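The values are calculated or read from the model by the stated rules, or taken from the named source; none is laboratory data. Everything numeric in this text was worked out from a predicted model, so none of it was measured. Methodologically, a virtual Cβ is constructed for each residue, glycine included, from the backbone with ideal geometry; neighbour enumeration extends over all protein chains shown.
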Amino acid sequence: MIIVIRIAGNVDIWGRVEESLSRIRLRRKYSAVLLKETKENLDILNHLRNFVAFGKLTEEQIEKLISARGIAKDKKKVDAKKVIQELKTGKVDELSIKPFFRLHPPRSGIDSKLHFGTKRGVLGDHKDKIFKLLERML
């Protein structure tokens, strides 16, 4: 699974980018969603790479995220292992939790988003290192 974390706010965002962020349910700054790793989703992430941070998560990392930040649709306690089984078998939309996660701003701040046109900050593809950023936001 791929986690996508919105880093950029709502100011000075192009219309097509704002619509793409809204369609994948990233409507607020510091919110996150889980996506399956398909060609279509990777194309969308390539389009949004200057506004989001994304990378791959392992099953243990997903379990930690769900137990810390998962919100149940029926206001009951979230069972992370049950949700992971639902992720393996079904669609992300058919889960017993809400399809997005609200996160804190990163502890110790963001180093930089972009620095003079070169990617040195938190935006873009982090591959397996995304969990370091995510841990600071849980």
Candidate set: segment 6-24, residues that are in a loop (DSSP other than H, G, I, E, B) and free of Cβ contacts under 8 Å to residues at least 12 places away in the same chain; chosen: the one nearest to Leu45 (Cα to Cα):
Trp14
Check whether at least one residue in segment 95-103 is among the aromatic types (Phe, Trp, Tyr) and modelled with pLDDT of 85 or more, and report yes or no.
yes
Selection from segment 29-41 of residues that are in contact (Cβ under 8 Å) with a residue 24 or more places away in the chain and farther than 15 Å from Leu123 by Cα:
Val33, Leu34, Leu35, Lys36, Glu37, Asn41
What residue, of Lys132, Lys119, Lys88, Lys127, is surrounded by fewer than 10 Cβ atoms within 10 Å (Cβ to Cβ), under 14 Å from Phe54 (Cβ atoms) and either modelled with pLDDT under 80 or of a type in the set (Lys, Arg) (or both)?
Lys127
How many of the residues in segment 2-46 are surrounded by 13 or more Cβ atoms within 10 Å (Cβ to Cβ), of a type in the set (Lys, Arg) and either more than 22 Å from Gly109 (Cβ to Cβ) or touching a Pro at 6+ places or on another chain (Cβ under 7 Å) (or both)?
2
Filter pass, Lys29 being among the basic types (Lys, Arg) and in contact with a Gly (Cβ under 8 Å, 6 or more places away or on another chain):
yes
Among residues of segment 55-101, those that are more than 13 Å from Leu34 (Cβ to Cβ) and not in a helix (DSSP H, G or I), counted
10
